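The values are calculated or read from the model by the stated rules, or taken from the named source; none is laboratory data. Keep in mind that this is a model prediction, so the values were computed, not measured. Every residue, glycine among them, receives a Cβ derived from its backbone with ideal geometry; neighbour counts consider all protein chains shown. Note: areas computed on protein heavy atoms with side chains; ligands, DNA, RNA excluded. Shrake-Rupley method; radii C 1.70, N 1.55, O 1.52, S 1.80 Å.
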Amino acid sequence: MKLRTKVSTACATVVGVLAGSLVGAGSASAARADCYNYQEVICIAEHGDWTGRIWRQKPSQIEGCRSLVPDGFNDMATIWVNRTGVAGHGYSMTLFEHSDCTGRFLTTYAGIWDRGTEFNDKASAIRVEW
């Protein structure tokens, strides 16, 4: 066996082992960490156990009414956290039923997380305000 073949086989084995350990890792803890390891962000998860897709932005990235439709996150929010400060001191985030920030809405204040039982999979837009 040529040296190049031996090296390629060894590299493929290492990559396979590493990939297997990443796939086996708890996706809920990885997604939750994706939200909680960042300061001053708004973070929304697709599923209530922090699995699925994650939408994370800083308030400066959300100007006025921001539709979640172009981000591919329309009607997907199940749980969210507002990490823009401590309770009562920071940005408020409001999720809206329609992509133009109209319809039913739910506001979550700084330092608070929420599970949108009555608003599950209904958010189509977001607005943050100081």
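Please list, short to long, the whole-number percent of alpha-carbon pairs of the range 26-85 in consecutive 10 angstrom bins beginning at zero.
With a bin width of 10 Å, the distribution comes to 24, 55, 20, 1.
For His89 paired with Gln61, estimate the spin-label separation in nm (one decimal), with each label point 7 Å from Cα along the Cα-to-Cβ line.
A separation of 2.6 nm, rounded to one decimal place.
At 1.4 Å probe size, what's the solvent-accessible area of Asp121? Round to the nearest 10 Å².
Roughly 70 Å² of Asp121 is accessible to a 1.4 Å probe.
Given points 7 Å out from each Cα along the Cα-Cβ axis, report the His47 to Ala33 separation in nanometres with one decimal.
A separation of 1.8 nm, rounded to one decimal place.
When Lys and Arg each count +1 and Asp and Glu each count -1, what net charge do the other residues less than 9 Å away from Tyr91, Cβ to Cβ, add up to?
Net of charged neighbours comes to -2.
Determine the gain in length on full extension of the stretch Asp71-Thr102; use 0.36 nm per residue of separation and subtract their C-alpha separation, reporting nm with one decimal.
Additional length available on full extension: 9.3 nm.
Taking a temperature of 25 °C and a viscosity of 0.890 mPa s, what whole-number D in µm²/s does Stokes-Einstein yield for the range 84-128 with Rh from Kirkwood over alpha carbon pairs?
229
Can you list which of the trypsin sites (Lys or Arg not before Pro) found in the range 58-130 are DSSP loop residues with at most 14 other C-beta atoms within 10 Å?
Arg104
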